[in-house]
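*Asks:* Handing you this structure, nothing more for now.
The values are calculated or read from the model by the stated rules, or taken from the named source; none is laboratory data. Fair warning: this is a prediction, and the values are worked out from it, not measured in the lab. Backbone-built Cβ (ideal geometry, glycine too); neighbour counts: all protein chains shown. Ligands, DNA and RNA are stripped out before the accessible areas are found, and what is left, the full protein with its side chains, is counted by its heavy atoms. Shrake-Rupley method; radii C 1.70, N 1.55, O 1.52, S 1.80 Å.
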Amino acid sequence: QVQLVESGGGLVQPGGSLRLSCAASGRIFSIYAMAWYRQAPGKQRELVAIITSGGSTNYADSVKGRFTISRDNAKNTVYLRLNSLKPEDTAVYYCNADLSSAAATRSKEYWGQGTQVTVSS
């Protein structure tokens, strides 16, 4: 059993900052890519940022220069720093991890339960 637990969401004013955390726990052998997605009301879930096990990152164009993804492999945790927040960043943010639970087994994707980020004055 694998769980991803997110924290750090909340209400923030435009221009403000937040840091989201997502910790993976349970039967974990190796974590490959970790990512953050978001879903705004009435919209499809979209990829926000992704980081590989080696630390390579990629971002959605809408958040480049404002958001930073990082990970602590020793803690099986991924972070998302959100700066210069805009009302259009309001969404539920989901953590995603591609991981294997044992040696020589195929990896599988897991999702967190989501954390609400609301940007409003």
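*Asks:* May I ask you to give the percent of accessible area on the chain that is carbon plus sulfur, with a probe radius of 1.4 Å?
*Replies:* Reported share for carbon and sulfur atoms: 45 percent.
*Asks:* Turning to a different aspect of this structure: Can you give the local net charge around Tyr93? Use residues other than it whose beta-carbon is closer than 15 angstrom to its beta-carbon, Lys and Arg +1, Asp and Glu -1.
*Replies:* Around Tyr93, the charge tally is +3.
*Asks:* Please compute the Kirkwood hydrodynamic radius over the stretch 4-121, one decimal place, Å, based on all pairs of different Cα atoms.
*Replies:* When all Cα pairs of the stretch 4-121 are included, the Kirkwood radius is 14.4 Å.
*Asks:* Under a cut-off of 16 Å between alpha-carbon atoms, report the aspartates and glutamates in cross-link reach of Lys43, not counting same-chain residues fewer than 8 places apart.
*Replies:* Leaving aside aspartates and glutamates fewer than 8 places away in the same chain, those within reach of Lys43 are Glu88, Asp89.
*Asks:* Which Cα, out of Gly42, Ser121, Ser53, lies furthest along the positive dipole direction of the chain (beta carbon charges, K/R +1, D/E -1)?
*Replies:* Value computed over the given set: Ser53.
*Asks:* So, one more: Please work out the Cα convex hull volume for the stretch 12-74 and give it in Å³ per residue.
*Replies:* 128
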